[in-house]
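In what follows, a structure is listed as structure tokens, so that the remarks can point back to it.
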Number of protein chains: 2
Amino acid sequence: MCLLGIDLGGTTIKAGLVDIKGRLLVKGQVPTGAAEGAGAVLERIATLAGDLARGQGLAMQDIKGAGIGIPGSVEVEKGLVHLAPNLFWRDYPLRAELAARLNLPVAVDNDAHVAALGEMWQGAGQGFNSLLMVTIGTGIGSGLIIDGHIRRGVFGYGAEMGHVKMVREGPQCHCGGRGCLETLASATAMVRRFREYLAAGQSSRLQDGPDLGAREILTAAAAGDELATRVVDFAASYLGMALANAVLLVGPEAIIIGGGPAQAGEVILAPIRKYLAESLGAWQIKPLPVLAARLGNEAGIIGAARLALELLEHRESF
Amino acid sequence: MCLLGIDLGGTTIKAGLVDIKGRLLVKGQVPTGAAEGAGAVLERIATLAGDLARGQGLAMQDIKGAGIGIPGSVEVEKGLVHLAPNLFWRDYPLRAELAARLNLPVAVDNDAHVAALGEMWQGAGQGFNSLLMVTIGTGIGSGLIIDGHIRRGVFGYGAEMGHVKMVREGPQCHCGGRGCLETLASATAMVRRFREYLAAGQSSRLQDGPDLGAREILTAAAAGDELATRVVDFAASYLGMALANAVLLVGPEAIIIGGGPAQAGEVILAPIRKYLAESLGAWQIKPLPVLAARLGNEAGIIGAARLALELLEHRESF
């Protein structure tokens, strides 16, 4: 018996077969081709799943359920994708459609939630009963796990750490708000700030260019570049403050930092830890682990398989 | 069968007998006399409890358990009061001592947690499975309830909304941090700000004086005083922003505002709702109730009785 985990991105579909202990048996990927429409995307998912099963000498009947994480907002109970701009989907009944196509029970959730589940099951979050995972990328995604379960909250979309307001009259965010964390600390925000500093005449060994990304800034900071270090420090200071506020409210046992920048390691983790400790001050009465995500791209697959497993367990308990 | 609920304050001990449906049968109060030491305080609690029982024609054996809320930090599992400055207690084993004195099982928790439980059981929070209660007073206390239970978090002290950082280089807080919500929005902060405005030459119909408190400022604001209105608006703006951030993280079904200022009603609730909605922006996809606490002084007694009930239920399930 195994589970199908699907990480559906705007560019790539990643999928894998995972056993009930959370071991990834095989994985594969194909382009999403979102522009061809939802039917074509589901067809490619089904083909990829079939290929993976055959490669393992399995029939589709050996797969007991599927989970899928998508980049957008999901009504989990209904399995409805409310809005997924990268896929051009709005109010798309993904669970029903995919369940019919795969002939399997399907669970759907937001990709940041799925990644948090994956890290809890098999990654940096193993052994913790509650955790907050923050994923730094174009924006800032997050997943809050309390008592082993994703906290979805009254609005159903779960934790949206990227949009907590950090500065009252801060930068305009695409969500319509101002001073949202992701306007200050996402990979995009780091690049924008670095360019602003350069435009203001400040110097760096790192050159601007169309491919300049947070990765290059973090590498330069790790090599001692002063301007890059200031940019990273600025982002980390707001991440640390936002995490401290989250800790003062819900007190997760661990914090996990995911996304590309987290893979740069201590150059970003160390200042996040420093500002978190500074913001918590006397309220931190014991150490609080701040860990880099460990599963990388596989978190989405493994977490989606976990979603499927929880769906099956939930069904059995009725 | 009934429960004893005790609200132990620095000045007054309030206690009541509550039936298992949460109805307050009788209540009474005596001075705390904290300066005489913990033994004397416990003696007064026991005498008050005996008097209440006798007044109802009950024997102490009819009381099945006691709960007590205290103004300080508590290690709930151990029933240990870590620090309660108003009582001059540090590392005081309240549960063990009070259980021995009353000959009853005793549950201990922080008073903000107990008030949140009381409001959930019998007050403004009835019917909600999750809620965030914020109590505005000298400081800002808070209790977060998730899935019907107080969330105590990794550090055990639960939600500390009063100390989330709202302004990086904000006013110094007694906790050692800067820009904590309670430096911007507590009753104390409102009075301080009002006096600063007066000292800067701004005019108000409200006069300064040794007894000036948030109550007078709120009354003046309700009567249209411009300076008082600005002071209330400033506090509400940070309360609204902090609450929005909490909603984006854990999404409680309702928010309850307690403490003296909340009793002033719409003059403070309306701007809190306005700034909460403004901060949430597009993230608020349906109405979110922001309610005034309803139990007033009785929340501490009724919530403490609820603590006792949960303790008994927990014991029975083993």
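The values are calculated or read from the model by the stated rules, or taken from the named source; none is laboratory data. Remember, it's a predicted structure, so these values are computed and weren't measured experimentally. When we count neighbours, we look across all protein chains shown, and the Cβ atoms used for this are built from the backbone with ideal geometry, even at glycine.
Counting only residues that are in a loop (DSSP other than H, G, I, E, B) and hydrophobic (A, V, I, L, M, F, W, C), which one in region B:114-150 is farthest from the other protein chains (Cβ to nearest Cβ)? Let's see the steps before the verdict.
Just the residues of region B:114-150 that are in a loop (DSSP other than H, G, I, E, B), to begin with: B:123-130, B:137-139, B:147-148.
Cutting the leftovers down to hydrophobic (A, V, I, L, M, F, W, C) gives us B:124, B:128.
Values: B:124: 16, B:128: 9 Å.
Looking at the filtered set, the residue picked out is B:124.
Can you tell me which residue among A:235, A:222 is buried (at least 23 other Cβ atoms within 10 Å of the Cβ) and outside the structural domain of residue A:82 (by TED's automatic domain parsing)? Walk me through it before giving the result.
Details: A:222 fails: buried (at least 23 other Cβ atoms within 10 Å of the Cβ).
Every option except A:235 fails the conditions.
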Can you spot a residue in region A:297-313 that is modelled with pLDDT under 95, part of a loop (DSSP other than H, G, I, E, B) and at positive phi? no
Test each condition in (1) over 29 Å from residue B:245 (Cβ atoms); (2) in contact (Cβ under 8 Å) with a residue 60 or more places away in the chain; (3) surrounded by fewer than 18 Cβ atoms within 10 Å (Cβ to Cβ) for residue A:129 and report the one that comes out false. (1)
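Considering every residue within region B:11-22, establish whether at least one is outside any helix (DSSP H, G or I), closer than 16 Å to residue B:118 by Cα and without any contact (Cβ under 8 Å) to a residue 12 or more places away in the chain.
Step one: filter region B:11-22 for residues outside any helix (DSSP H, G or I), giving B:11-22.
Among the residues that remain, those that are also closer than 16 Å to residue B:118 by Cα are: B:14-22.
Going one step further and asking which of them are without any contact (Cβ under 8 Å) to a residue 12 or more places away in the chain, we end up with B:21.
For region B:11-22, residues outside any helix (DSSP H, G or I), closer than 16 Å to residue B:118 by Cα and without any contact (Cβ under 8 Å) to a residue 12 or more places away in the chain: present.
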Six or more apart or on different chains, Cβ atoms under 6 Å: show the pairs whose first residue is in region A:168-183 and over 16 Å from residue B:167 (Cβ atoms) and whose second is of a type in the set (Ser, Thr, Tyr). A:171/A:183; A:173/A:183
Top-ranked residue of region A:151-206 - restricted to ones that are within 14 Å of chain B (Cβ to nearest Cβ) and polar (S, T, N, Q), ranked as farthest from residue A:230 (Cα to Cα): A:172
Criterion (more than 13 Å from chain B (Cβ to nearest Cβ), under 29 Å from residue B:159 (Cβ atoms) and free of Cβ contacts under 8 Å to residues at least 24 places away in the same chain) met by exactly one of A:307, A:269, A:291: A:269
When every residue in region B:243-266 that is under 18 Å from residue B:115 (Cβ atoms) and within 13 Å of chain A (Cβ to nearest Cβ) is compared, the one surrounded by the fewest Cβ atoms within 10 Å (Cβ to Cβ) is B:253
Of everything in region B:1-54, what is in contact with a Gly (Cβ under 9 Å, 6 or more places away or on another chain) and hydroxyl-bearing (Ser, Thr, Tyr)? Give them in sequence order. B:32
